[in-house]
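Inspection log for the structure reproduced underneath, given as structure tokens.
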């Protein structure tokens, strides 16, 4: 289990469409080694523990899987379609929602067409 303890402050909280929260954390100035540790943990699932009075004791840190799996496949697909739109099609289709719906219809029709092939 990889663990890092560094003094930090919660500097922002925002809600997400799926009911989760986005939490922005600001640290004190970090050493190069501490920065490396933080970068190695980027995008890794785990536990967020925050305490205002002192460091955590080892027995206070959960040893179970966090259950966090990252983005759902549908969220990943939407993000990929967004990047494609932003990089190639934004000028042709200025409204992303319209572009997204068109692309989803193309995918749906493609999958529906596979029913006839089976």
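If I filter the range 69-83 down to residues being part of a helix (DSSP H, G or I) and touching a helix residue (DSSP H, G or I) at 6+ places or on another chain (Cβ under 8 Å), which single residue comes out as surrounded by the fewest Cβ atoms within 10 Å (Cβ to Cβ)?
First pass over the range 69-83, keeping only residues part of a helix (DSSP H, G or I): 73-83.
From the residues that got through so far, the ones that are touching a helix residue (DSSP H, G or I) at 6+ places or on another chain (Cβ under 8 Å) too are 78, 81-82.
Numbers: 78: 16, 81: 18, 82: 14.
Step by step, filter the range 69-83, then rank; the result is 82.
Taking the conditions exactly as written (out of contact with any helix residue (DSSP H, G or I) (no Cβ under 9 Å at 6 or more places or on another chain) and part of a loop (DSSP other than H, G, I, E, B)), does residue 44 satisfy them or not? Here the answer is yes, as residue 44 does meet what is asked. Scanning the range 47-59 for residues that are free of Cβ contacts under 8 Å to residues at least 40 places away in the same chain and either assigned to a loop (DSSP other than H, G, I, E, B) or in contact with a strand residue (DSSP E or B) (Cβ under 8 Å, 6 or more places away or on another chain) (or both) yields 47, 48, 49, 51, 52, 53, 54, 57.
Kindly indicate whether residue 91 is in a loop (DSSP other than H, G, I, E, B) and modelled with pLDDT of 90 or more.
Details: in a loop (DSSP other than H, G, I, E, B): yes; modelled with pLDDT of 90 or more: yes.
Taking the combined requirement at face value, the residue satisfies it.
The values are calculated or read from the model by the stated rules, or taken from the named source; none is laboratory data. Computed from a predicted structure; not experimentally measured. Virtual Cβ from ideal backbone geometry, glycine too; neighbours counted across all protein chains shown.
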